[in-house]
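Have a look at the structure below, then the notes.
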Amino acid sequence: MLHNSISKPKQSIQLNNWFLQGKDIINSEKRIKHLKEVFGDEESFKKLDPEKVVYSVQSYLPVKEGTPGGLYFGTTTIQPGKVGNEYFMTRGHFHANLDRGEYYWGVQGEGMLILMDKNRNTWGEIMSPGSLHYIGVNIAHRVANMGSTALIFGACWPSDAGHNYEETEQKGFSSRLVEINHKPQLIDSELPLWKKQ
Ligand code: M6P
Ligand code: ZN
């Protein structure tokens, strides 16, 4: 940067929906076909349109992945919907560098941040517009949309956190967020019961 120079920022956030615009904003989408291992109810999964978008992520990664001390920023939009009784949700991950935390915050819609520690204890935090969630180190995290409109949340994480999907994809989280009697409930993943409700 030139000494004493003044410039306009090259990126911006639309404050009503946290849509990111400007230079180097990356857009990605996850469709049903990309989320085979994520949802528990295989039969209901197969009935859905493989091209249906479940969630999209906008991210701004101003430094190279792995750079210590840098910060990344993202806006995630999860569409409303369910696979059987299980709400549409993100894949979920631990950080590759386990001792890196992250902030999530609710922008629009009603959701649940699902957290799991290394002992596979799982719990949820309700996400709503303005809710702030500090995700501590060593904790896997994913977000489910419990509402009938799009759920939007913001995220900020260290540029050397990385993503580790191995455990969350192979073993899953130990609980699933499903709708039973019109209410969201966390149910042990091992229980086949939730599929039949
Ligand atoms: C947030 C951040 C990203 C993450 C995205 C989707 O924006 O945590 O790092 O990639 O959510 O989550 P996932 O990668 O688990 O599908
Ligand atoms: Zn993360």
Residues that are surrounded by fewer than 20 Cβ atoms within 10 Å (Cβ to Cβ) and not in a strand (DSSP E or B), drawn from region 85-106: Arg91, Ala96, Asn97, Leu98, Asp99, Arg100, Gly101
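The rows are residues; the columns are (1) among the aromatic types (Phe, Trp, Tyr); (2) closer than 27 Å to Ser12 by Cβ.
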{"position": "Tyr60", "(1), (2)": "yes, yes"}
{"position": "Gly66", "(1), (2)": "no, yes"}
{"position": "Gly84", "(1), (2)": "no, no"}
{"position": "Leu98", "(1), (2)": "no, no"}
{"position": "Tyr134", "(1), (2)": "yes, yes"}
{"position": "Asn138", "(1), (2)": "no, no"}
{"position": "Arg142", "(1), (2)": "no, no"}
{"position": "Asn145", "(1), (2)": "no, yes"}
Residue pairs, Cβ under 6 Å, 6 or more apart or interchain, first in region 100-120 and in contact (Cβ under 8 Å) with a residue 60 or more places away in the chain, second surrounded by fewer than 21 Cβ atoms within 10 Å (Cβ to Cβ) and of a type in the set (Lys, Arg). List them. Ile114/Arg142
Between a residue in region 135-156 that is over 18 Å from Lys183 (Cβ atoms) and open to solvent by less than 30 Å² (accessible area, probe 1.4 Å) and any residue that is assigned to a loop (DSSP other than H, G, I, E, B) and among the β-branched types (Val, Ile, Thr), which pairs come within a Cβ distance under 8 Å, given they are 6 or more apart or on different chains? Arg142/Thr90; Val143/Thr90
Can we say Gly40 is touching a Phe, Trp or Tyr at 6+ places or on another chain (Cβ under 8 Å), closer than 21 Å to Thr168 by Cβ and not in a strand (DSSP E or B)? yes
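The values are calculated or read from the model by the stated rules, or taken from the named source; none is laboratory data. Predicted, not measured: the structure shown is a model, and the values here were computed from it. Here Cβ is always computed from backbone atoms with ideal geometry, including for glycine, and neighbour counts include all displayed protein chains. Heads up: the accessible areas ignore ligands, DNA and RNA and are worked out on the full protein's heavy atoms, side chains in. Shrake-Rupley method; radii C 1.70, N 1.55, O 1.52, S 1.80 Å.
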